[in-house]
Amino acid sequence: MTVAGPEPGTAAEVVAVLTERGQTVAVAESLTGGLIAAAITDVPGASMVFRGGVIAYATDIKRDLLGVDAALLVDAGAVDPRVAAAMAAGVRDRFAATFGVASTGVAGPDPQDGKPVGTVYLAVAGPGRTEVVASDLAPGDRSEIRRDTVAEALELLRRTLVGPVRPAG
């Protein structure tokens, strides 16, 4: 089966818009393990807008480096929309970026924190607001879920920057 990754133009559009506006982005990744950062930094000129990132695979890293509330992590687990929002806000603050992007979820092969494989939460924290999106990317193998998560994260950031794609006509 062919696995869809991010649209090649999405990361480039994000970098172009951020560059034009003099804005920056940082990422906090769990299940994607650095793939969002890699997609952004594959774009020439990304060094003008990409501040850095944290691969917060372990729960204690989410708490200690990104400032996710310990009680939230105990009560809800690491796979939760509020955790995604806190990760995005935390990486935005810690890297002094205009926008923070976060991914948390279950790529498989086993469920985690009572959440089935394919459960994904993405967040973008920006000036004055945080947007969180929940996705069910099942069925799909681990690699497909991770690639689809990257595509959705980049699209969420793109929509945050420029709004939804409007049909031609």
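Read-outs: derived from the displayed coordinates by stated rules, not from any lab. If you're wondering where the values come from, they're calculated on a predicted model, not measured in any experiment. Cβ sites come from the backbone with ideal geometry, for glycine too, and all protein chains shown count toward neighbours.
Tabulated data
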quantity: Rel. contact order, % - alpha carbon contacts under 8 angstrom, at least six apart, the chain; calculated: 25
quantity: Semi-axis lengths, Å, the range 13-169, gyration tensor of Cα atoms, sqrt of 5 times eigenvalues; calculated: 24, 18, 14
quantity: Gyration tensor (alpha-carbon) shape descriptor, the range 25-113, a/c threshold 1.5; calculated: oblate
quantity: Cα-centre dipole for the range 24-169 with unit charges at Cβ (Lys and Arg positive, Asp and Glu negative), debye to 20; calculated: 500
quantity: Residue-wise HN-Hα coupling along the range 101-107, computed from phi with Karplus coefficients 6.51, -1.76, 1.60 (Hz; x: Gly, Pro); calculated: 10, 9, 10, 8, x, 10, 8
quantity: Fewest-first sequence of Val49, Val117 by Cβ atoms within 10 Å of each Cβ; calculated: Val117, Val49
quantity: Ascending count of other beta-carbon atoms within 10 Å, so fewest first, for Arg146, Arg94; calculated: Arg94, Arg146
quantity: Residues Leu35, Leu122 arranged by fewest to most Cβ contacts within 10 Å; calculated: Leu35, Leu122
quantity: Residue-count net charge about Thr32 - beta-carbon cut-off 13 Å; Lys, Arg +1, Asp, Glu -1; calculated: -1
quantity: Computed label-point distance, nm, for sites Tyr57 and Arg21 using a 7 Å Cα→Cβ extension; calculated: 3.2
